[in-house]
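Read through the structure below, which is laid out as structure tokens, and then see the notes.
All of the numbers you see were taken from the coordinates with simple rules; none came from a lab. Computed from a predicted model, the values in this text were never measured in an experiment. Cβ placement follows ideal geometry from the backbone for every residue including glycine, while neighbour counts extend to all protein chains displayed.
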Amino acid sequence: MSETMVVDDFVPVIDLSSRTTPAGRRRIAEAIGKACRRSGFFTIVGHGVSQDLVDRMYRATNGFFTLPEDEKDRSASVAGVSGLRRFGGTGDTPPGLYEAFAAHVTGDLPEAERAALGDYPATWKVANVWPDSPAGFKDTWHEYMSAMADLSADVMRLFALALDLPEDFFDAKFDRHVSLLLANFYYPQLAVPPSGQIRRESHTDWGTLTILYQEDDLSGLQVLTDTGEWRDLPAIPGSFVVNIGDLMAFWTGGRWASTVHRVVNPRQGDTASRVSIPFFHLPNHDTSIEPIQPFRTGDAEFERVTVGEWFSHKMRQTFAPKLPA
């Protein structure tokens with residue numbers, strides 16, 4: 001089978017099943033590099049993640065979101081990171097029609113290790129807040145986070161090959177990674193939302209790469225093309241959507257694209273809820289990053305930046321009215 005099945009010329013489907021051989025890895029890396037230069041989005045199949053694990057993850061997560069509100073509230077977010085969050089808009093942006101539960105890979109470290117994560121951002125030091133039910137929720141999330149971290153690490157090695165770097169170029173920069181697993185629960189839409197209000201407003205991701213499993217036939221994810229059109233990104237059974245974020249675009253000197261995306265409302269009459277679970281793979285908090293190649297225009301916002309500084313900057317850009325000076 002060819003490593004690349006072009007279902008959509010903007011977001012190709014890439015088969016990872018031949019990544020066990022050097023020649024297969026080179027071909028896959030070439031396809032990934034082409035996708036990252038064009039849109040920064042691609043869909044992967046043949047990834048090796050157990051469908052049983054994915055199914056258990058969705059059952060546990062749906063089970064949490066369908067708990068009574070007072071039970072969910074016992075797992076409310078601490079410092080805006082771990083636990084349950086209900087979202088409002090920012091500035092002139094209307095609120096998204098969803099709530100979320102998040103956990104950091106650092107959130108279960110001993111307190112002394114979390115305290116050593118530096119000052120940027122302080123939220124990475126906060127312990128995870130786990131719900132008491134459904135049964136097995138925490139263990140299932142840990143298992144899924146581990147699988148996503150392993151898959152992300154190999155995708156980063158393929159990124160290195162795509163950039164003509166040693167395959168292990170990124171390894172040491174992620175050996176204490178501060179990745180985040182986030183579950184978005186999009187409410188059933190029993191009435192037509194106000195004009196302009198959608199499930200998830202348009203945005204780019206901030207980090208290096210995101211891996212997302214979409215529920216089959218319950219998509220709504222759209223990507224903004226390089227011609228300014230919104231394109232649906234349908235759910236392909238058994239696949240993950242991968243996209244790069246702003247930090248990876250910076251790391252490549254702007255040669256790879258961090259693309260705007262959003263989640264639109266379902267078709268009128270479709271009242272189903274939707275769960276999406278993106279894994280945000282983030283380097284060590286103190287990793288110092290500079291562009292692998294200079295920006296062509298010379299207008300990079302930073303010459304060099306640590307991961308912690310980058311995220312603090314992004315948080316202030318997004319939430320400036322709510323953060324102290």
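Structural remarks
- Most tightly packed first, judged by the mean number of other beta-carbon atoms within 10 Å of their residues, the peptides 242-248, 105-111 read 242-248, 105-111.
- Charge context of Arg56, other residues only, Cβ under 13 angstrom, K/R +1, D/E -1: -2
- Computed from the C-beta positions of Thr297 and Ala76 and an R0 of 56 Å, the FRET efficiency is 0.80 to the nearest 0.05.
- Neighbour cut-off at most 14 other Cβ (10 Å), DSSP loop, trypsin sites (Lys or Arg not before Pro), the range 30-80: Arg74
- Cut-off 15 Å between beta-carbons: net charge of the residues surrounding Thr140, Lys and Arg +1, Asp and Glu -1: -3
- Whether the range 116-179 is rounded, prolate or oblate, judged on the alpha carbon gyration tensor where a/c under 1.5 counts as rounded: oblate
- Environment charge at Lys314 (Cβ cut-off 11 Å; Lys +1, Arg +1, Asp -1, Glu -1): -3
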